[in-house]
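The values are calculated or read from the model by the stated rules, or taken from the named source; none is laboratory data. What you see is a predicted model, and the numbers here were worked out from it, not measured in a lab. FYI the Cβ positions are ideal-geometry reconstructions off the backbone, even for glycines, and counts take in every protein chain you see. Quick note on the areas: whole protein, heavy atoms, side chains included, nothing else; ligands and nucleic acids left out. Shrake-Rupley method; radii C 1.70, N 1.55, O 1.52, S 1.80 Å.
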Amino acid sequence: MAEHGGLHSMCLNKVDCHSSSTLSSSSEQESEIFTKLKVSLTEDYPQKNAEILSGQYGTNLLLIGVSLMLVIGNNGASVKEEHLLSFITTLIIVQLLWMMWYIVRRGMQSNLQAEKDVHATTSWIKGGLTLLALLSLIMDAFNIGYFVGYRSCLSAVLVVYPIIHATHTIAQVHFLWFHIKDVIKSFETFERFGVIHAVFTNLLLWCSGVMSEANHLLNHHNTRLTALGFENLTMVDMEPHCNCTISACSVFVNGLYYLYPFNIEYHIFVSVMLFVMWKNIGRTLDLQHNRKRLATKTQGLVVGPILGLAALASTIGVLVVYIIHVEESLDIRESTIAIFYYYGIVMLVLMCSAGVTGLLIYRADPMPMDTTKNPSRKLDTELLFGSSVGSWFISWCSVVAVSVSRSSPSYRWTNLIYSLLSILEKYIQNLFIIESLYRQREDGEREDAEVAGPAPEIFSVTSSLSPPYNGIINQAYENPDNGCVTLENVQESGQVNRCPQKHLEVPRQVENNVEVTPSKKSQILKNIAVFLFMCNISLWILPAFGCRPQYDNGLEEETFGFTTWTTVLNFAMPITLFYRMHSVACLFEVFQRV
């Protein structure tokens, strides 16, 4: 019995040992699975999917706001302007909280040097955005003054919104100046949502400004048609149903619509810059190409600036003539529209000629293309093509309208030529800009790379050749040359064997790069860039301040109908304005590169 019991107890002990080992191994497997799951949820998952999740979040924010705008645009009684402004104000406050959190966290990590993408923006772009922000602040001041005049019949939201918007503008400009180049490497998932929230908040503010400007222009257009004898036009009452208590109400009302274009451009450019920051989150920079460019040279700039200033002066003249005379009699109205088309044809022909000249210069030069990864440059290219769609859509509608219209005003065929040239000019300008942005610089970039590479070996011999210091002073160590190294502290003691010194030659063209005058080819390209720069500013000014013959010539409206054509213009015209301003930014970049 004792032997049997002992055997039985031994058997039980074996079972217990086996079961305990099985349990321990299974617990280890479960622990490994849990660890892998934890890692996949906290590291791999955000890297793969946070961009998609944050993008969907921002898109839905924009769609909610646009849905509210469509109801307001249809004069729906259920949704009023105060509801839209309340929604936008909430989004602005959330963005302010995120920017405050980001700035504070960056301040706490001041001892760690943050990675920066030098191509994300330039000082002149930030300076231009600051100017647009100042004009937006003036617009907010006008909105506050407008509320003060009509405070007896307006909601308090209409004064809270401009105050919050002004605070948001100041904080956002500060953020853009000091943090837009940051490449975020911590809290990546949270930061993706924060940055994309800021992107789509600014896009929604852009859409709101576009809607307000479109309503104003449409109402003004209906007023013109009514004055010319047209009837059955729907007029929207833009003024509040009470008397203004101050004398400057008309100044505030009229001034707002001259400031809207600047506010619209401010928000669309901020959203583009923040989108580049969003794309840079978690990015590994190529240090070889992440360097500041050499200063550009300005010798030989004569023809481009002179022609550009002449184009700008003629633009101001055409704008004044158009605004004054388009509301007069039918004959004067037709003459005014014809003057615009003649002006536009001359401008577009000169721009096409300049772009073709630049492309021919590039075709004659075998310089290779720069294919390094650059999110900012890639986004510039995509936006150029995407924003061209608005102008192309309007132009092709005009071509169809001229071809099938039964009426024959004096500007009918000039409208056709102007529309075809508008299509061709964007083809050529897009090619010229993209070719310029993707070209390797002849002198600057390659020579800068040569300087960046050998600099430590030329100017800091000990840092590249000396062995590490571990408490014992080594007087020499073996190297591929002579096995002889000179240390500074040994040199001072006089116990040094003389070693042959290598004379490292710096490329002579690096030293002389600053003194070399730019070639004729570079001078021509710079003049072309400056001329196109001024022309795009001119073609932005005209539609931004009310010179839009597409509303007034009647051909497209007769062909497509008032409602359809108005919808097309409200969709395509803001994109066309953005194309011109974005081309201005790209052409300045071209000027710096060539």
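Going by a ≥ b ≥ c, the root eigenvalues of the Cα gyration tensor, does segment 144-226 fall in the rounded group (a/c under 1.5), the prolate group (a/b larger than b/c) or the oblate group? In terms of gyration-tensor shape, prolate. Given the pairs Lys80/Lys181; Lys185/Lys378; Lys80/Lys279; Lys378/Lys521, which span a C-alpha to C-alpha distance of over 31 angstrom in this model? Long pairs (Cα-Cα over 31 Å): Lys80/Lys181; Lys80/Lys279. Here's the picture: charge each Lys and Arg Cβ at +1 and each Asp and Glu Cβ at -1 in segment 51-132, and of Gln95, Leu61, Val79 the one pushed furthest to the positive end of that dipole is Gln95. What is the percent carbon and sulfur in the accessible area of segment 99-160, measuring with a 1.4 Å probe over the protein chains and ignoring ligands? With neighbouring chains kept in place, the figure for segment 99-160 is 70 percent. Is the C-alpha gyration tensor of segment 125-177 telling us rounded, prolate or oblate? Criteria: a/c under 1.5 is rounded; beyond that, a/b larger than b/c is prolate, otherwise oblate. It comes out prolate by the Cα gyration axes. Averaged over residues, the count of other Cβ atoms within 10 Å places the peptides 395-403, 247-255 in the sequence 395-403, 247-255, highest first. Taking all protein chains as shown and a probe of 1.4 angstrom, Tyr146 keeps an accessible surface of around 40 Å².
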